[in-house]
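See structure below.
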Amino acid sequence: MERQSTYTATATIDDRGILTGWSEGAQRLLGYDSSTVVGRPATALLASDGTGARRALAGRSRWNGTLPLRHQDGRHLELGVLAHRRTSRSGVPDWLVVAAVTARTQPPRGEPLEEWTFLQSPFPLAIFDADLRLVRANRRLEHALALPEAAMRGLRLTHIVPGSASEETDRSMRLALESGRPQEARGRLGADLGRITVLTPLKDAGGRVRAVCLSVEQPAPDSAGRQRPSTESGSQVVGTAADLARAAQELGEVTVPRLADVMVADLLDRPRSRAEISEPQRDPVVLRRAALRAFPAGEGPAPSTGTGMGEGAGTGAGVGEAIVCPEDSPPAQCLAAARPLLYDTADPAVAGWASLDPGAAWLRASGARSLLAVPLLAQGSTLGVALFGRQPERGAFGPEDLRLAEEFSAKAATGIEQARSYSRSRTTTVALQRSLLPHTLPDQAALEIATRYLPAATRAGVGGDWFDVIPLSGARVALVVGDVVGHGIRASATMGRLRTAVRTLADVDLPADELLTHLDDLVLRLAADEGSADPAAETAGGIGTTCLYAVYDPISRHFTVARAGHPPPAVVTPDGAVRFLDVPAGPPLGLGGLPFEAVETELPEGSLLALYTDGLFEARDHDIDEALDKMFAALVRPAKSLESVCDRVLTELLTHRPDDDIALLVARTRALHEDRVASWELSNEFTVVSLARRYATEQLAAWGLDEAAFTTELMVSELVTNAIRYGRPPIQLRLIHQNSTLISEVYDSSGTTPHMRRARIFDEGGRGLLLVAQLAERWGTRHDRVGKTVWAEQSLSGPGR
């Protein structure tokens with residue numbers, strides 16, 4: 001690809017309209033050096049009145065168009081520019097204005113079929129030259145960024161969409177150019193784009209890299225389906241917000257000051273059908289204010305937002321407050337007619353309403369002379385009314401104004417209806433998700449634990465992240481963290497099924513790697529069942545789900561962990577050293593046929609563990625290394641409680657509401673020392689049963705648990721007898737005393753699992769395990785690599801127990 005002679009002119013302008021920055025490219029373009037223009041009004045460089053520019057920028061976060069500029073030598077230049085409203089790291093807002101100046105027109109197009117492929121691809125695509133300047137962009141990218149190719153051509157990505165995500169992508173593009181290998185970058189370049197950007201080097205016939213193709217993952221269906229106004233000058237998003245208030249405010253951002261000087265959106269608490277609205281109303285109409293936006297004359301380009309036109313302006317009801325509209329008021333008449341109505345505020349009826357009704361105080365405060373009321377209609381329902389006001393100097397609303405108001409109001413109504421539907425769906429999904437997560441943590445002595453769960457804040461809905469704490473035999477505790485692919489009710493339901501499966505498998509006391517293998521098989525079966533029922537189902541059965549399963553033993557202080565594609569746990573030892581545990585990643589669940597590997601490590605008492613889902617790092621737009629450093633720093637810093645540690649980690653890593661669910665589990669290890677554990681090696685003879693009972697009685701006396709001696713003697717006697725009769729040596733008896741629980745365990749080297757059976761009247765045996773089951777709170781069998789342990793747990797009662 002032939003290189004272009006291109007440079008970029010940039011300038012920064014503060015909220016007062018004063019130039020605060022001037023690049024060498026700007027000096028080259030207009031001839032002024034920075035000392036001449038910095039500190040002066042930006043309008044001094046315009047070859048026309050600055051009023052139009054102020055109105056064009058008002059209420060927007062980005063604008064592109066043509067400006068007439070004055071060169072130092074007096075020439076006038078028509079220049080296409082792109083302006084971004086941004087906030088600096090110091091928190092001061094300003095405008096970044098960029099323009100690409102090129103000595104050559106856009107590059108020649110390719111063959112028709114290649115051109116069609118590029119333009120009609122469902123993926124956003126762009127080509128950047130060897131200087132990393134954009135030379136081509138397809139329609140999908142234009143739509144996603146709401147910018148035409150002409151406005152982006154010749155600009156670096158960091159000037160097209162300023163931000164940390166574009167800076168990372170720019171670095172990856174440079175690496176692709178230099179290495180000749182495809183690269184990946186993460187982070188959203190725009191609201192309608194995915195999080196993964198692929199950079200592919202484009203090579204000529206000789207193998208030389210001449211350009212880079214940028215492609216972005218397919219966006220979620222809800223993003224791809226969003227609508228934008230077709231009117232060029234109203235190119236901001238209307239009706240795409242995920243929440244009701246934002247959906248209404250977008251209408252004001254588009255129409256003020258372009259169409260009106262003030263806009264109010266008032267909504268019904270419950271959408272009504274056309275038939276309900278058209279019925280005669282005996283009672284006043286009750287609305288709720290959703291948005292109020294005004295353009296204050298003579299105060300520069302930035303309009304006021306929120307609930308009024310300035311502090312103390314006397315605008316009456318604010319956003320969120322109820323508005324009572326009499327049946328003869330413009331809002332009530334507009335709703336009843338279900339069509340736009342135009343009013344002169346000098347009309348006695350309207351003037352009387354504006355002067356007496358608190359809900360109309362905004363009209364009086366704005367000084368509007370012309371009032372346009374437009375109903376908000378969507379899917380056969382009436383949602384509310386939008387009111388537009390114009391001051392006398394702008395004249396009354398005309399037919400073209402009416403058309404624009406209807407168009408924008410219709411799009412806003414669609415967005416409001418979608419927001420209502422999204423809110424209902426989200427409420428249901430969040431309720432389901434929270435009902436499937438543990439409401440309280442189980443009582444156990446091995447770990448001190450704190451948890452957090454943050455649902456996603458995107459239109460895609462709540463995901464399937466989960467955590468669990470499962471008490472196991474022998475005073476051990478299992479920790480689980482998982483992340484189901486996808487969002488919404490399907491993901492939450494899949495999460496519930498997998499969480500139940502993990503609990504069932506954990507009750508069998510399977511080793512961590514074997515448990516994940518069984519869970520992998522389950523996901524494959526679920527996928528097959530759902531795939532046959534609904535071939536179009538995405539992530540059927542949870543394929544691609546990640547999971548981490550870990551077991552901590554407070555007696556040996558061993559921590560065993562295996563993971564299926566999940567991020568590794570972080571550990572902070574008491575000496576302040578922090579690291580990730582080196583655990584083989586393993587494949588995500590549902591791929592099948594691939595092994596999982598468990599790793600065992602010994603942790604000092606008081607070690608801190610952090611288990612989490614990847615949403616914790618995706619919520620941060622900065623470099624992943626920086627995010628890891630912040631998490632490590634938050635974990636290492638001393639804290640009064642684990643709750644404080646959780647809060648600190650989230651505070652450090654969250655720069656905005658998360659786009660993906662976040663599950664966080666923080667635990668501090670405890671240890672059961674020798675004074676709480678007693679064990680004995682027993683010979684394989686029935687005469688040893690009485691000796692085992694004596695060992696147990698003496699140990700309970702030493703622990704001050706004489707009241708539990710009778711029950712414990714019976715259980716120990718039956719367990720030891722069972723091991724001698726059906727097991728193989730060596731045989732070991734162990735007693736564990738933790739808090740208000742006493743655990744009796746008998747180990748033997750046989751792998752045969754004992755079962756309760758119904759003993760007949762004349763049978764001499766067969767009642768041992770039945771007796772244990774009656775005396776114990778719970779009992780079971782735990783298989784080791786060699787042999788098994790039969791255990792029984794009983795609750796202790798009494799003072800101080």
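Here, each number is a calculation from the coordinates, and none is a lab measurement. Bear in mind the structure is a predicted one, so any value in this text is a computation, not a measurement. Here the Cβ positions follow ideal geometry from the backbone for every residue, glycine too, while neighbour counts run over all protein chains shown.
Figure the gain on full extension for residue 196 and residue 36 (residue separation times 0.36 nm, minus the Cα-Cα span) and round it to one decimal in nm.
Numbers: separation 160, 0.36 × 160 = 57.60 nm, distance 4.32 nm.
Between residue 196 and residue 36, full extension yields an extra 53.3 nm.
Only four residue types carry charge here, +1 at the Cβ of Lys and Arg and -1 at the Cβ of Asp and Glu. Report the dipole size of segment 674-795 about the Cα centre in Debye, rounded to the nearest 20.
Numbers: 14 positive and 16 negative charges, 120 e Å.
Charge dipole, segment 674-795, about its Cα centre: 580 debye, nearest 20.
Please tell me the relative contact order of segment 112-224 in percent, rounded to the nearest whole number, where contacts are Cα pairs under 8 Å and at least six residues apart.
Reported as a whole number, the value is 25 percent.
Report the label-to-label distance for residue 396 and residue 204 in nanometres (one decimal), using points 7 Å from each Cα along the Cα→Cβ vector.
The modelled label-to-label distance comes out at 6.7 nm.
Given points 7 Å out from each Cα along the Cα-Cβ axis, report the residue 403 to residue 355 separation in nanometres with one decimal.
Simple spin-label model gives 3.8 nm for this pair.
Lysines within cross-link reach of residue 640: Cα-Cα under 20 Å, excluding same-chain residues under 8 positions apart?
Counting by Cα, and skipping residues close in sequence, residue 640 has these lysines nearby: 630.
Starting from the Cα-Cα distance between residue 594 and residue 633, subtract it from 0.36 nm times their residue separation and give me the gain in nm to one decimal. Working shown, then result.
On the way: separation 39, 0.36 × 39 = 14.04 nm, distance 3.54 nm.
Taking 0.36 nm per residue and subtracting the Cα distance, the gain is 10.5 nm.
Among 212, 120, 162, whose Cα lies farthest out toward the positive end of the dipole of segment 112-224, if unit charges sit on the beta carbon of Lys, Arg (+1) and Asp, Glu (-1)?
Value: 212.
Put a dot 7 Å past each Cα toward the Cβ at residue 24 and residue 143; how far apart are the dots in nm?
4.1
What are the radius of gyration and Dmax of segment 681-725, computed over its Cα atoms and given in Å?
Cα radius of gyration and Dmax of segment 681-725 are 10.5, 32 Å respectively.
Looking at segment 639-680, which trypsin sites (Lys or Arg not before Pro) are DSSP coil and have at most 15 other C-beta atoms within 10 Å of their C-beta?
Numbers: sites: 640, 648, 668, 670, 676; in loops: 640, 670.
Of the trypsin sites (Lys or Arg not before Pro), the ones in loops of segment 639-680 whose Cβ has at most 15 other Cβ atoms within 10 Å are 640.
Starting from segment 683-741, pick out the chymotrypsin sites (Phe, Trp or Tyr not before Pro) whose DSSP state is loop and whose Cβ has at most 13 other Cβ atoms within 10 Å. Don't skip to the answer; put the middle values down first.
Numbers: sites: 686, 695, 703, 710, 726; in loops: 686.
Passing both the DSSP loop test and the Cβ count: 686.
Return the FRET efficiency for the residue pair residue 674, residue 602: r is the Cβ-Cβ distance, R0 is 22 Å, and the value is rounded to the nearest 0.05.
On the way: r = 16 Å, r/R0 = 0.73.
That pair, residue 674 with residue 602, gives E of 0.85.
With 10 angstrom as the radius, rank 131, 170, 266, 553 by how many other C-beta atoms surround their C-beta, starting from the fewest.
Details: 131 15, 170 18, 266 26, 553 21.
Least to most surrounded, the residues fall as 131, 170, 553, 266.
Quick one: which residues, 5+ away or cross-chain, put their amide H under 5 Å from the amide H of residue 672? H built at 1.01 Å from N.
The answer is 555.
Find how much the distance from residue 795 to residue 14 grows on full extension, using 0.36 nm per residue of separation minus their present alpha carbon separation; answer in nm with one decimal. All intermediate terms of the calculation are to be shown ahead of the outcome.
Values: separation 781, 0.36 × 781 = 281.16 nm, distance 7.02 nm.
Extra length from residue 795 to residue 14 when fully extended: 274.1 nm.
Using modelled amide H (1.01 Å from N, peptide plane; none on Pro or chain starts), what sits under 5 Å from the amide H of residue 705, excluding residues fewer than 5 places away?
HN-HN under 5 Å from residue 705: empty list.
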